[in-house]
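The values are calculated or read from the model by the stated rules, or taken from the named source; none is laboratory data. Keep in mind it's a predicted model, so treat the numbers as computed, not measured. Backbone-built Cβ (ideal geometry, glycine too); neighbour counts: all protein chains shown.
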Amino acid sequence: MESESSLIEIPGYAGRDLSRSRLIVDLDALSNNLEWIRSRLPSSIEILPVVKADAYGHGMLPVAKNFVEKGVPALGVMGLEEGVRLRKAEISAKVIVMGGILPSELEDCIAFGLTPVIHNCELLEAALDLSRKMEVHIHLKFDVGMGRLGFLPEDISWVCDKIGMESSLRIEGVMSHFPEGEKISETSRQIGIFGCMVDELWDRGALCDRPFVIHLANSAAFLSGQYSVTDKKNRAWEKYARYWIRPGILLYGIPVDPLPLPGLKPAMEIQARLISLKTLSEGSRISYGGTLSLSRKTRVGVLGMGYADGLPRELSNWGWASRMGQKFPFLGRVCMDMVMVDVTDAESPVCLGDWMTVLGNGEDSSMSAWDIAGRIRSIPYEIVCRMGNRSPRFYSRKASSSENFG
């Protein structure tokens, strides 16, 4: 098992793991999930893995390298800083900077060999100015209902006027983002709007009769089959366009709703170490505020993980840790650095230094990202991005990805 930052160098402690919690990422699970998605796509459609937000908390660099080894055409990041990190790690794959940059950052973006997504007038003006000094490759983003980044339908004529036949500004891709990709009728309507915007780009010469890529679908839209422009046939640009999809949460093995998807494998496990064991008498109160009084003589364990590590305080008196298929309920309020668990009924010996799972796949008595999200009225995206934020990451290959998805 490899570690990104697992061993802390302290004189006299060489080679010892001093962490109180740890985050384990199964690279084989990531590869499995990539193939799970590929098996459900036409062979002509490729996958652009989204590795923004530190690969949804899984660690951007190891995750990106793993996906590149599996032959993806490009990687999607949020901002310039993430793209530069990939380049400094000698990851040479195409990188799409999707979350927008400032006009002042555009030249650095090009210098690092990153592909910027242009989504507003100021950025397009800056790209045009820069293209008069060098060739600039961009993706354009259209807003068809998200209300966030992207040119609106009423902007497209201005965009075409500005781009004209600029020979050094190369539109490599056109994209949008769906707010409700699971809703087929609404997403289909938005794809129709997008298709009309691409029509105008083509008719006005902005795409210059050259190949380009369209990427629309996030995880939800992929699952509902909404990933290509199909509302009209015989568009002049169709023979030049190819499609990508941009899955995020599915790649990390987490469904977009609480219903399980057979074959997906959660890639993240977070464990905390037992740092104390003691027996407390019936009636003893536990943690801040004394919100729990013990109803019996109880063996209490203390795990070295708390809300400073991303463990939600809302799990107080509700959540649990797991070990060897057995649940150990949280006792009292989650503290900044610790949480207490009831180990009285442990079926196998529990010792200081043992590891317990606080986030797992939900199938081995562990809490899943959806379990936690449901409790705190959030979504699993937030859970995996915030939990284990000060835990060292380890990377494993638990099993080869040999499952047949045909």
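Can you pull out every residue in segment 112-164 that is of a type in the set (Lys, Arg) and part of a strand (DSSP E or B)?
Passing the criteria: only Lys141.
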* Structure fact -> For Ala369, the lone unmet condition from (1) of a type in the set (Gly, Ala, Ser); (2) touching a strand residue (DSSP E or B) at 6+ places or on another chain (Cβ under 6 Å); (3) surrounded by 21 or more Cβ atoms within 10 Å (Cβ to Cβ) is (2)
* **Within segment 271-319, considering residues that are of a type in the set (A, V, I, L, M, F, W, C) and within 11 Å of Val334 (Cα to Cα), the one nearest to the chain's Cα centre (by Cα)** => Leu311
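On the basis of being surrounded by 21 or more Cβ atoms within 10 Å (Cβ to Cβ), of a type outside the set (Gly, Ala, Ser) and under 26 Å from Glu69 (Cα atoms), does Val95 make the cut?
Yes: the conditions hold for Val95.
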* To do: Output the number of the condition that Ser322 fails; it satisfies all remaining conditions of (1) touching a Leu at 6+ places or on another chain (Cβ under 7 Å); (2) more than 22 Å from Thr291 (Cα to Cα).
  => (1)
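Could you pull out the residue among Leu207, Leu250, Leu259, Leu201 that is surrounded by 15 or more Cβ atoms within 10 Å (Cβ to Cβ), hydrophobic (A, V, I, L, M, F, W, C) and part of a loop (DSSP other than H, G, I, E, B)?
After ruling out the rest, the residue left standing is Leu207.
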* **Checklist (1) in contact with a helix residue (DSSP H, G or I) (Cβ under 9 Å, 6 or more places away or on another chain); (2) of a type in the set (D, E, K, R); (3) under 17 Å from Glu172 (Cβ atoms) applied to Arg235, failing item** => (3)
* Residues that are touching a residue at least 40 places away in the same chain (Cβ under 8 Å) and part of a loop (DSSP other than H, G, I, E, B), drawn from segment 168-180 -> Ser176, His177, Phe178, Glu180
* Residues satisfying the stated conditions in segment 42-87, i.e. in a loop (DSSP other than H, G, I, E, B), farther than 18 Å from Gly253 by Cβ and β-branched (Val, Ile, Thr) -> Ile45
* Which one of the conditions (1) among the hydrophobic types (A, V, I, L, M, F, W, C); (2) outside any helix (DSSP H, G or I); (3) within 15 Å of Ile184 (Cβ to Cβ) does Val213 fail to meet, given that it meets all the rest? -> (3)
* Looking at segment 232-281, which of its residues are aliphatic (A, V, I, L, M) and in contact with a Gly (Cβ under 6 Å, 6 or more places away or on another chain)? -> Leu264, Ala267, Ile270, Ala272, Leu274, Ile275, Leu277
* Structure fact -> Screening Glu200, Glu182 for residues that are assigned by TED's automatic domain parsing to the domain that holds Arg148, over 30 Å from Met134 (Cβ atoms) and among the acidic types (Asp, Glu) leaves only Glu182
